[in-house]
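To start, the structure under review is shown below, and the notes come after it.
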Amino acid sequence: GLSCAEKRGALIVLEGLDRSGKSSQCASLVSFLNKQGISAEAWRFPDRSTAIGSMISSYLSSSADLDDCTVHLLFSANRWEKRSVMEAKLKEGTTLVVDRYSYSGVAFSAAKGLDLNWCKAPDQGLLAADLVLYLNIPPEVAAARGGYGGERYEKMDFQLEVAKYYKKLQDSTWQTIDATKSIEEVQEDIKNASLRIIAECSEGQELLRLWG
Ligand code: ADP
Ligand code: FDM
Ligand code: MG
């Protein structure tokens, strides 16, 4: 089963619109935790290093076209292929700081018009985050941060739709962070929330599974 007798790490996921600050905050959080002597690793989804990840990467850069349902299942499979390694790391006491996860999977596909429950189904049974830090930002503020790159989905109208579906997924494991504040202020909020959940998880909290 999923129960843990020993101290386990926490599964911390950063979510938010493009350019909300996820990638920079993940990196700072991991180096902060490591300096504190806490075992932590930076992870990200999609993980473009696998065969499935390379199909996803071609799709995102628009060099390949894939049907919406098909690519949704590839994103999910990309998490499933990492599931056992993630579980082993958490059980050995390593905290995982993850840049996007199933919540992006559902929000981005549902924003295209796919049924919300259909979108959730393939991720059922994956590890759930102990803490989702939602970097909340109006899309126009995010877009002003140097403008979007050339990838699929990096368009204001679509980002607004994604934000709607993120809101539908929020539960008690989510904490909303005001991502319009300075990088240092956002980092402070993220550190505090992370240290709290790491302490809780090390006290024998069982691993959680999607969806609740
Ligand atoms: P994401 O991974 O969510 O797309 P990034 O961490 O790549 O976001 O940040 C996108 C851009 O915005 C980068 O140029 C980064 O330096 C800048 N940035 C990140 N956080 C802030 C902030 N709080 N205030 C201003 N600019 C920021
Ligand atoms: N994305 C990400 C999805 O559509 N589904 C998913 O399951 C995941 C994990 O891929 F546009 C989208 C979200 C974003 C893109 O961009 C990944 P970054 O810059 O690698 O986060
Ligand atoms: Mg990023």
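Taken across the range 121-133, residues that are assigned to a strand (DSSP E or B) and of a type in the set (Val, Ile, Thr) do occur, with at least one present. Applying the criterion of being exposed (fewer than 14 other Cβ atoms within 10 Å of the Cβ) and near ligand 2 (Cβ under 9 Å from one of its atoms) to the residues of the range 149-166, the residue that is nearest to Ile137 (Cα to Cα) is Gly149. Quick test for you: out of Tyr165, Tyr148, pick the one residue that is of a type in the set (Ser, Thr, Tyr), out of contact with any Phe, Trp or Tyr (no Cβ under 6 Å at 6 or more places or on another chain), in contact (Cβ under 8 Å) with a residue 60 or more places away in the chain and not in a strand (DSSP E or B). Checking each option against the conditions leaves just Tyr148.
Within the range 17-29, residues that are more than 19 Å from Glu151 (Cα to Cα) sit with their Cβ atoms under 7 Å from residues that are hydroxyl-bearing (Ser, Thr, Tyr), at 6+ positions apart or across chains, in these pairs: Leu29/Ser194.
The listed residues are Asp130, Asp178, and the only one of them that is of a type outside the set (Phe, Trp, Tyr), in contact (Cβ under 8 Å) with a residue 24 or more places away in the chain and surrounded by 14 or more Cβ atoms within 10 Å (Cβ to Cβ) turns out to be Asp130.
Every number here is computed from the coordinates shown, using simple stated rules; none is lab data. All figures in this text were calculated on a predicted structure; none of them were measured in a lab. A quick note on method: Cβ atoms are made from the backbone with ideal geometry, for glycine too, and the neighbour counts reach across all protein chains shown.
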